[in-house]
Amino acid sequence: MCTLAIDIGGTKVALGLVENGRITERCQFPTPKATSALQFAQQILSHCETWIPYISAVGVSTTGLVSEQGITAINPDTLAFPAPFPLADALKTLTHKPVAMLNDAQAAAWFEYKNLKSPLKNMAFITVSTGVGGGIIINGQLHKGAAGLAGHIGHTSVDMHGPDCGCGQRGCVEVIASGTAIKRASDDVFNPPISNIELFAIAKEEPVADQIIETSAHAIATLCCNLKASLDLEVIVLGGGVGLAAGYIERVRKHIANKPSVFQVSILPAKGDYDACLLGAAFQIKESLWH
């Protein structure tokens, strides 16, 4: 069975043709502006028209809050969706295939959990990318919460006096640690501006660049320890473009090691690598997580 996997982020949309848990075809493109669900779906499918005859289902992982009614933006600064945004219905209409949709980090969390080397009961997945998202596994089950909000851990505050977040709160992990936050801090310092990839490349020789990345890693480490304290997790899996950048996990581990031992938790890199959310999009079809 081939599944069309769609991973929607604030910066890019990744598409994959997934068969037997492997991505056999892949492409990505900048995230289109969302004016309507039908327009957004049409733009996505225009990049993979030749795949449609071979698929039996569509799996979507997306930033934002996912409910039966559609997608709602928690932080419009990351990606603004007009509400309501019934993307699954639009994709079903255009493809005539069953469509399943989950929050991106929730989908990735389940994929990563099912691919752990050792069986565990309690785990979280954190993606540090354009934004910061998460998925939580409790007693071997994906915990989505009453309205699907569970796992939006990027919008927990770690600094009461920190910057305002697009979600309406202050000092959220996302506004301090995300790729967007890193770029904002970098642009305040470097002229002409540099990319986050360039920032990581010069961090060893440039103290200011190093400190920007350290600020992000410290916020993520604080989040990890807070999750340990509240959920007694056995492991946290880290993914995303920033989370998997060279040396970033080591920075997070270093900050966690400086916390009291009772709050320390093991950190693993995502087995799905940069495509954990894309693989999770397809994996939910097999696991029937949307029911």
Check: C-alpha center the range 1-28 vs C-alpha center the range 150-202, spacing in Å is 27
Listed residues HIS143, HIS218, HIS47; largest mean-square fluctuation, Gaussian network over the chain with Cα springs below 10 Å, found at HIS47
Using alpha-carbon positions, the gyration tensor of the range 116-270 gives root eigenvalues a ≥ b ≥ c; with a/c under 1.5 called rounded, otherwise prolate if a/b exceeds b/c, else oblate, the class is prolate
Fewest-first ordering of PHE29, PHE85, PHE125, PHE111 by Cβ atoms within 10 Å yields PHE29, PHE85, PHE111, PHE125
Beyond 30 Å (Cα-Cα) in this structure, taken from LYS121/LYS204; LYS33/LYS259; LYS12/LYS144; LYS183/LYS259, we find LYS121/LYS204; LYS33/LYS259
Comparing LEU233, LEU94, LEU244 in a Gaussian network model of the chain (Cα, 10 Å), the one with the largest mean-square fluctuation is LEU94
Going from the fewest other Cβ atoms within 10 Å to the most, one would list TRP51, TRP110 as TRP51, TRP110
Once phi for every residue in the range 246-255 is put through the Karplus expression 6.51 cos²θ - 1.76 cosθ + 1.60 (θ = phi - 60°), the whole-Hz ³J(HN,Hα) values, with Gly and Pro written as x, are 3, x, 5, 4, 4, 5, 5, 4, 4, 5
Most exposed to least, judged by fewest other Cβ atoms within 10 Å, VAL208, VAL13, VAL132 sort to VAL208, VAL13, VAL132
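Every number here is computed from the coordinates shown, using simple stated rules; none is lab data. Because the structure is a prediction, the values reported are computed rather than measured. Because the Cβ atoms are built from the backbone with ideal geometry, glycine has one as well, and the counts that use them run over all protein chains shown.
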